[in-house]
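Asks: The structure that follows is given in the form of structure tokens.
No value in this document is a laboratory result; all are computed from the given coordinates. All values reported here derive from a predicted model rather than from experimental measurement. Please note: Cβ atoms are built from the backbone with ideal geometry, for glycine as well, and neighbour counts cover all protein chains shown.
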Amino acid sequence: MDAQVQEAEPGSHTLRVRYALPPSLPLVSIIIPTRDGYDLLRQCIDSVFAKTTYTNFEIVVVDNGSRDPQVLDYLKEMTATKNLRVLRDERAFNYSALNNAAVRQAKGSLLCLMNNDIEVISPDWLDEMVSQALRPEIGMVGCRLWYPDDTLQHAGVVLGIGGVAGHVHHKLNRTQAGYFSRARLVQNYSAVTAACSVVRSEVFQQVGGLNEQDLAVAFNDVDLCLRIRDAGYRNLWTPFAELYHHESATRGHEDTPEKQARFANEVGFMVSTYGDALLNDPAYNPNLALRIKDYALSYPPRVNLLD
């Protein structure tokens, strides 16, 4: 194994393993579903091309019915000058189906699922995520995502939080290390968000991709990660790939009866499919609360007290 061990952060007394990339870099297909949202989309794509040190990637934009002339002109310009392709898909928004369709046309041996409201921070973000995803025992690799106000948006997903699954260390400040410094250390989680994640194409296809029948919008990434875990891989979160997430800025919120009904069905699917597993995440101490996201002790206790 070609790797180096070094201090994770100066003075932190914690360690990081840096895995070497192969001499011939594998192609990564960065898949970005979008609809209009010119400013966010341009910020996302421009930041990838301008800041990413990893050199062997293509961008596959799945245009889900954009009508904004600025967006259409921008994508036309980018396809003419950059390694970027546009797939048109006019169906009603279905995140899982859009990504699955793009995967079928992706050329890379690795897939990077990316929302159109992501912005690169650390230039070596893709180097880090690819180096982890190439490890044969690793499935999905997630990154550290920040809100624009520099509070934490994603540092791993724990089953059971909020009912089905939720992000831990949510809104943590940059100066804070989190529970036992977990917000600053590489670790395994049951799931990571697909807002920006990397997985080998063979693993994605082995488990059947995203569930477009039952999970069009919510929890499709959690379900995918759990099927990857059940196939024998470990899902991993790394804080050494950092990006901003301007969360759901173009898709909007669950604020209509139709969206709320769809969300309720997706919750029902996850509960009926995974049952008690949602209450017993191996990455989360059973003495900790599931109703909130800050690693507080559960009261009343979730485990039986000893006599």
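Asks: First measure r as the distance between the Cβ atoms of ALA92 and ALA177, then evaluate 1/(1 + (r/R0)^6) with R0 = 45 Å and state the FRET efficiency to the nearest 0.05.
Replies: Efficiency at R0 = 45 Å is approximately 0.60.
Asks: Under 30 Å between C-alpha atoms is the cut-off here; go through the chain and count lysine pairs that meet it, provided they're at least eight residues apart or on different chains.
Replies: 9
Asks: Can you give me the long-range amide H partners of LEU288? Hydrogens built in the peptide plane at 1.01 Å from N, cutoff under 5 Å, separation of 5 or more residues or another chain.
Replies: Close amide H contacts, sequence-distant or interchain: SER298.
Asks: Work out, step by step, the length gained on full extension between ASP124 and ASP39: first 0.36 nm times the residue separation, then minus their alpha carbon distance; give nm to one decimal.
Replies: 28.2 nm
Asks: Within the range 42-86, find all residues whose amide N lies under 16 Å from a label point positioned 7 Å from the Cα of SER109 along Cα-to-beta-carbon.
Replies: In the range 42-86, the label zone of SER109 (backbone N under 16 Å from the point 7 Å along Cα→Cβ) covers 55-58.
Asks: Ranked by Cβ crowding within 10 angstrom, fewest neighbours first, how are MET1, MET129, MET78 ordered? Please report the intermediate quantities before stating the final value.
Replies: Values: MET1 6, MET129 25, MET78 20.
Sorted ascending by nearby Cβ count, the order is MET1, MET78, MET129.
Asks: Taking Cα pairs under 8 Å and at least six residues apart, what relative contact order does the range 136-285 come out at, in percent?
Replies: 35 percent.
Asks: Hey, could you pull the Cα Rg and Dmax for the range 56-168, both in Å?
Replies: 16.2, 46
Asks: How many Å³ per residue does the convex hull of the Cα positions in the range 118-275 occupy?
Replies: Numbers: hull volume 18.7 nm³, N = 158.
In the range 118-275, the Cα convex hull volume per residue is 118 Å³.
Asks: Want the number for GLU137 to LEU25: 0.36 nm per residue separation, take away the alpha-carbon distance, what's left? Could you put the intermediate results ahead of the total?
Replies: Details: separation 112, 0.36 × 112 = 40.32 nm, distance 1.92 nm.
Gain in length upon complete extension: 38.4 nm.
Asks: Still on this structure, please answer the following. From largest to smallest, what semi-axes in whole angstrom does the range 198-307 give when each is the square root of 5 times an eigenvalue of its alpha carbon gyration tensor? Could the numbers behind the result be given before it?
Replies: On the way: eigenvalues 135, 86, 61 Å².
Equivalent-ellipsoid dimensions as semi-axes: 26, 21, 17 Å.
Asks: Once R0 is set to 25 Å, what does the formula 1/(1 + (r/R0)^6) return for the Cβ-Cβ distance between LYS76 and ASP46, expressed as a FRET efficiency to the nearest 0.05?
Replies: Here the calculated transfer efficiency is 0.95.
Asks: For the pair SER12 and ASP294, what calculated FRET efficiency results from E = 1/(1 + (r/R0)^6), where r is the Cβ-Cβ distance and R0 = 22 Å, to the nearest 0.05?
Replies: 0.60
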